[in-house]
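The structure appears right after this line, and notes come after that.
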Amino acid sequence: MTNPEVIHDPSELARRVSELKSQGKTIGLVPTMGALHYGHLSLAIAAKNDCDVAIVSVFVNPTQFAPNEDYDQYPRQLQADIDLLSQVDTDIVFAPSPEAMYPRGFVSNVHVGGVTTRLEGSFRPTHFDGVATVVMKLFQLSQANVAFFGQKDFQQVAVIRRMVADLNVPTEIIACPIVREADGLALSSRNKYLSAEERKTALVLSRSLGYAKELIHKGEREAAVVKAAVEKMILDEGGTAIDYVSISDPDSLQEMTRIAGNVVVLLAVRVGKTRLIDNMVIEPA
């Protein structure tokens, strides 16, 4: 167990990374907003296994939150995060302030088209500009050879892949599998907002994804039929409100009508006041 080096100043991170690069070290980056759980730790472990140096950023990025969202309430527990990361031998924790990342006069923005227009983009229209901008800044500062993201944020990974391809960013993107509790609930920092009863209700997300898989494996090829079945299961649970259920092409994220090859079923569901997302890539039997 090794205590990570903690860096707050972006210019200090850039200096430290340049030093490591001059020694021929490869850099693995895990961008997070903190409140870490084992899903995040699995990414940090992957970074440590694949690269010489593992950097985990802990930064609640204000530009990806709309005014009515939970930026001020988002859990912040830096010392607990550092303690967790020390258990998986993370080398560097980068924990800047908003003022350090967005100094006075900051006006630039990274906008990715296409894959941002549906799903999360239709409910949170400024979200992916904030994500793309901060991730680009993290790529620049870390000079990462490889960056690790969780598949739970499936659309976010698609956006980052598109940005990297379009802008010739020399960073490989690796998406790691969703990490779930034993009962199927996808790990999320927002799970802390759920009451005990709401947490039981939230299990309907993973159950409904399993039901979609069952229907497709039994031969159902009409996406609308699968979608309707998933929506009914979620709403019948009670205490839920659906933002979207989508059956999409895993690469383009365009909505499917007929299921001919692999699809991704994506959910955004409100359980009480907490908005949860989940997904599953399904290959027809």
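What to note about this one:
- Candidate set: segment 239-250, residues that are open to solvent by 30 Å² or more (accessible area, probe 1.4 Å) and of a type in the set (Gly, Ala, Ser); chosen: the one farthest from Glu69 (Cα to Cα): Gly239
- Whichever residue in segment 79-111 is in a loop (DSSP other than H, G, I, E, B), open to solvent by 20 Å² or more (accessible area, probe 1.4 Å) and of a type in the set (S, T, N, Q) and, among such residues, is nearest to Gln156 (Cα to Cα): Asn109
- Every condition in (1) closer than 30 Å to Cys51 by Cβ; (2) open to solvent by 40 Å² or more (accessible area, probe 1.4 Å); (3) assigned to a helix (DSSP H, G or I) holds for Val164 except the one numbered (2).
- Residues that are open to solvent by 40 Å² or more (accessible area, probe 1.4 Å) and closer than 26 Å to Val134 by Cα are absent from segment 219-235.
- Segment 251-265, residues that are within 16 Å of Ala212 (Cα to Cα) and open to solvent by 10 Å² or more (accessible area, probe 1.4 Å): Glu255, Met256, Thr257, Arg258, Ala260, Gly261, Asn262
- Criterion applied to Gly184, Gly114, Gly121 was being assigned to a loop (DSSP other than H, G, I, E, B) and modelled with pLDDT of 95 or more, and the one residue passing it is Gly184.
- Among (1) outside any strand (DSSP E or B); (2) of a type in the set (A, V, I, L, M); (3) over 30 Å from Asn145 (Cα atoms); (4) in contact with a helix residue (DSSP H, G or I) (Cβ under 7 Å, 6 or more places away or on another chain), the one test that Leu209 misses: (4)
The values are calculated or read from the model by the stated rules, or taken from the named source; none is laboratory data. The structure displayed is predicted, hence computed values, not measured ones. Quick reminder, even Gly has a Cβ in these numbers, built from the backbone with ideal geometry, and neighbours come from all protein chains shown. These area figures cover heavy atoms from the full protein model, side chains too; ligands, DNA and RNA do not enter into them. Shrake-Rupley method; radii C 1.70, N 1.55, O 1.52, S 1.80 Å.
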